[in-house]
1. Scan the stretch 152-191 residue by residue and report those that are over 25 Å from the mean Cα position of the chain (by Cα), within 22 Å of A139 (Cβ to Cβ) and in a helix (DSSP H, G or I).
2. Out of the residues in the stretch 242-268 meeting the condition of being within 14 Å of the ligand (Cβ to nearest atom) and in contact with a Gly (Cβ under 6 Å, 6 or more places away or on another chain), tell me which one is farthest from L86 (Cα to Cα).
3. Can you tell me which residues in the stretch 344-357 are assigned to a loop (DSSP other than H, G, I, E, B) and of a type outside the set (A, V, I, L, M, F, W, C)?
4. Given the condition without any contact (Cβ under 8 Å) to a residue 12 or more places away in the chain and surrounded by fewer than 18 Cβ atoms within 10 Å (Cβ to Cβ), answer yes or no: does some residue in the stretch 176-183 qualify?
5. Checking the structure you have, find out if any residue of the stretch 61-75 is touching a residue at least 40 places away in the same chain (Cβ under 8 Å) and more than 22 Å from H229 (Cα to Cα).
6. Within the bounds of the stretch 207-226, is there any residue that is within 13 Å of the ligand (Cβ to nearest atom), under 30 Å from L301 (Cα atoms) and part of a helix (DSSP H, G or I)?
7. Would you be able to say whether some residue in the stretch 314-328 is away from the ligand (no atom under 16 Å from the Cβ), surrounded by fewer than 18 Cβ atoms within 10 Å (Cβ to Cβ) and in a loop (DSSP other than H, G, I, E, B)?
8. Go over the candidates L342, L392, L367, L357 one by one and state the one that is aliphatic (A, V, I, L, M) and away from the ligand (no atom under 16 Å from the Cβ).
Amino acid sequence: MTESLTVRDNRTGMEYDVPIVDGTIRAADIGQIKAADDAPGLAVYDPGFVNTASCRSAITYIDGDKGILEYRGYPIEQLAEKSSFLEVAYLLVFGELPTKEQFDKWVHAITYHTFVHENIKGFMQGFRYDAHPMGMLMASVGAMSTFYPDAGLIGDADNRHLQVVRMIAKMPTLGAWSFRHAQGKPYVYPDNDLSYTENFLSMLFKMSEPKYAADPRIVKALDTLFILHADHEQNASANAVRAVGSTQVDPYSAVSAGIGALFGPLHGGANEAVLRMLKRIGTVENIPAFIEGVKAGNERLMGFGHRVYKNFDPRAKIIKKACDDVFEVTGVNPLLAVAKELERIALEDEYFIKRRLYPNVDFYSGLIYEALQFPPEFFTVLFAIGRTPGWLAQWLELTTDKEQKIARPKQIYTGPRTLDFVPASERWA
Ligand code: CMC
């Protein structure tokens, strides 16, 4: 079989052979096709990058039709059951599972870097009492670049590694403080005797007790949720990290762009939107009318549908199990009944079947978060903490990929041309 594409330009009658490599053609090869020698090359129009590969990546594999998700080749189901978030973070960042010695060193480094500069606490306290925690997280991660000006030396591998460790270590501290801030409670410093996820829970919930002891089932469920969110190949926020990172800016600036992308309700903000939707529906009896509204195009069924998964989202399956574990500790969230019935009705409805819309990772995660007493606006912060190793793995891959360039898409210009400018003094006379 010839691995090439023959394109005939009917404007000129010319034929071009374009090589196919790894199931793709290079946009630059299409660019050589011109209607005339001095005409611009043919370009590809793809809003939302629906069918455009922006990089080669060896981090995460997804088969959307089969519902497969693998980090560095390991199935998500096995990692969620048998690994820990910090081990998965190591796997994503380094590409291989750690030896015992490598893992101990990694955990020690992450633990050692959990504290943030006292001035970061100072400016976080300056936010309004009702500041959205995602806005606080985005701003404080971006601001970290001012505390670590060496982070701009992205050509140095050791330096890159140091920033990766710092960011994974400090994200729970910043996240927890954005939570305490909204509650008017004092910020809690990290407790480095505790595991990554235990320490996070301690910074969230500790009051006057000398040591916070979280229920191990809650620790395991939250750790699993972090694993499920750790990477998802070229999603909107990874793409934002890569686009901003392609300018060779420091990784704090790049990751804060990723946090901005994750904030949106079509991406990580969906878990918050799901919970607000479930609360609005309220009871099982109101579901049919709600579904009719969705089908009429009035709104979307949040937590349903995915750009890549067209059969099921493997993360959603694992989350359902985590739901049971958490509810064993907290008692069942009454909105679970609404969610389950909503899922049942939607999965039998022609509208959703035809469009291949299934529950995604955000459909059930919000119920767990609410049972853990998190307000909806905090849900996406949890997603961001989990996604941090993924963003950093994507950023590391970008910085060492010789094929990468500054991200700079083309446009199709549709505005006016060559107008004559009339100064304001004449226009307004
Ligand atoms: N509810 C109702 N209709 C939907 C939904 C939905 N949740 N999602 C897609 N559709 C319809 C859409 O209206 C369109 O219909 P038509 O062909 O008649 O115009 C068709 O399905 C295809 O939708 P699309 O918008 O072209 O699909 P997309 O791949 O661009 O969007 C998505 C993917 C995730 C943004 C979208 O499914 C959505 O908005 N879902 C709700 C938000 C959500 O749950 N997001 C979390 C995604 S998973 C976690 C993450 O990545 O952060």
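Where a number appears in this text, it was derived from the coordinates with a stated rule and is not lab data. Values in this document were obtained by computation on a predicted structure and should not be read as measured data. Counting neighbours? That spans all protein chains shown, and the Cβs are built from the backbone with ideal geometry, glycine included.
1. Scanning the stretch 152-191 gives a single hit, Q183.
2. First, pick out the residues of the stretch 242-268 that are within 14 Å of the ligand (Cβ to nearest atom): 258-268.
Subsequent filtering for residues that are in contact with a Gly (Cβ under 6 Å, 6 or more places away or on another chain) retains 262-263.
Working: L262: 21, F263: 24 Å.
Among those residues, the one meeting the criterion is F263.
3. As a first pass, look at the stretch 344-357 and keep what is assigned to a loop (DSSP other than H, G, I, E, B): 349, 355-357.
Correct list: D349, R355, R356.
4. So the first thing to find is which residues in the stretch 176-183 are without any contact (Cβ under 8 Å) to a residue 12 or more places away in the chain, and the list is 183.
Then drop every residue that is not surrounded by fewer than 18 Cβ atoms within 10 Å (Cβ to Cβ), which leaves 183.
Scanning the stretch 176-183 turns up at least one residue that is without any contact (Cβ under 8 Å) to a residue 12 or more places away in the chain and surrounded by fewer than 18 Cβ atoms within 10 Å (Cβ to Cβ).
5. No, every residue in the stretch 61-75 fails to be touching a residue at least 40 places away in the same chain (Cβ under 8 Å) and more than 22 Å from H229 (Cα to Cα).
6. Of all residues in the stretch 207-226, those within 13 Å of the ligand (Cβ to nearest atom) come to 225.
Those still in the list that are under 30 Å from L301 (Cα atoms) too: 225.
Narrowing further to those that are part of a helix (DSSP H, G or I): 225.
Yes.
7. Scanning the stretch 314-328, I find no residue that is away from the ligand (no atom under 16 Å from the Cβ), surrounded by fewer than 18 Cβ atoms within 10 Å (Cβ to Cβ) and in a loop (DSSP other than H, G, I, E, B), so the answer is no.
8. On the way: L342 fails: away from the ligand (no atom under 16 Å from the Cβ); L367 fails: away from the ligand (no atom under 16 Å from the Cβ); L357 fails: away from the ligand (no atom under 16 Å from the Cβ).
It is L392.
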